Amino acid sequence: MTLFTIDTCYVFCYVDESGDCGKFDPSATHTGTPYFIVAGIFLDTGKWKSTLDTLKGFRKKIAREGFLNYDVEFHCAEMVDPRKVKAFTSISVSDRWALIEEYAGMIGGHSSFQIIAVVIDKVKSSLEQSEYLTSAITALYKSFDEFLLDKQSYGLMFLDRANEKKIQTHVRMLLGTGSGYGKTSPVKIVRVLEDPIFKVSHDSF
């Protein structure tokens, strides 16, 4: 009987965005956000269970302390601006900021987590509004691919379910797997596998 061994290391990258891709006009009543940000937190699949246990431990702790029930998504947007959501308005402003700081400290202090962030300052950027999303995704993929190449690893991207068609079409161009679009990219991604996997954030712990 022949035994097969797999020596390749794989990495998961979980991505979310902050802000929007709308035009920012500080003089307008209704305007886009001044920044558009995409950030990815990634980890070795061999440490996936231990990192999940760390996150679960944090959630159980703040549930025991009476801040946020275990089944309510810990969402920093509502921590900053509760928007009349009872689960968050019931927490004082000082406690909400303390929880954000504690959560960030837990992630930053855990050796298994790595973070990539792409920030577009719309005031300073020379990008067209239509390029905000694709440029941010390109930069994120390029950075992740370089990390994977350095580690001699391969990776998968998990993104929030927004702008799926546009992102998937753009990523296929980066990967060289697109067809029928007649577009090529100067950026070649070789270590990120498959199409991005889209998930609703509250459906993934």
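Quick note: the coordinates plus some simple rules give every number you see, no bench work behind them. As the structure is a computational prediction, the values presented were derived from the model and not from experiment. All Cβ positions, glycine included, derive from the backbone under ideal geometry; neighbour counts span all protein chains shown.
Look at where the Cα atoms of region 48-108 and of region 113-192 average out, and the two centres are 29 Å apart. Just check the chain against the gyration tensor rule for me: Cα atoms, a ≥ b ≥ c as the square roots of the eigenvalues, rounded for a/c under 1.5, and otherwise prolate or oblate depending on whether a/b exceeds b/c. Taking the square roots of the gyration eigenvalues as a ≥ b ≥ c, the chain is oblate.
Only DSSP H runs of four or more residues enter the estimate; each adds -39500 (n - 2.57), and after division by the residues of the chain the mean residue ellipticity at 222 nm equals -11500 deg cm²/dmol. Sorting 185-196, 132-143 by their mean Cβ neighbour count within 10 Å, with the most densely packed peptide first, gives 132-143, 185-196. Candidates Gly108, Phe88, Ile197 compared by Cα position along the dipole of the chain: farthest toward the positive end lies Ile197, with charges placed on Cβ. Let's see if you can work this out: charge +1 on each Lys and Arg Cβ, -1 on each Asp and Glu Cβ, no other charges. What is the dipole magnitude of the chain about its Cα centre, in debye to the nearest 20? Dipole of the chain, to the nearest 20 debye: 200 debye.
With 22 Å as the limit, the listed pairs Lys84/Lys166; Lys60/Lys84; Lys49/Lys166; Lys47/Lys151; Lys122/Lys151; Lys60/Lys151 have Lys84/Lys166; Lys60/Lys84; Lys49/Lys166; Lys122/Lys151; Lys60/Lys151 beyond it between alpha carbons.
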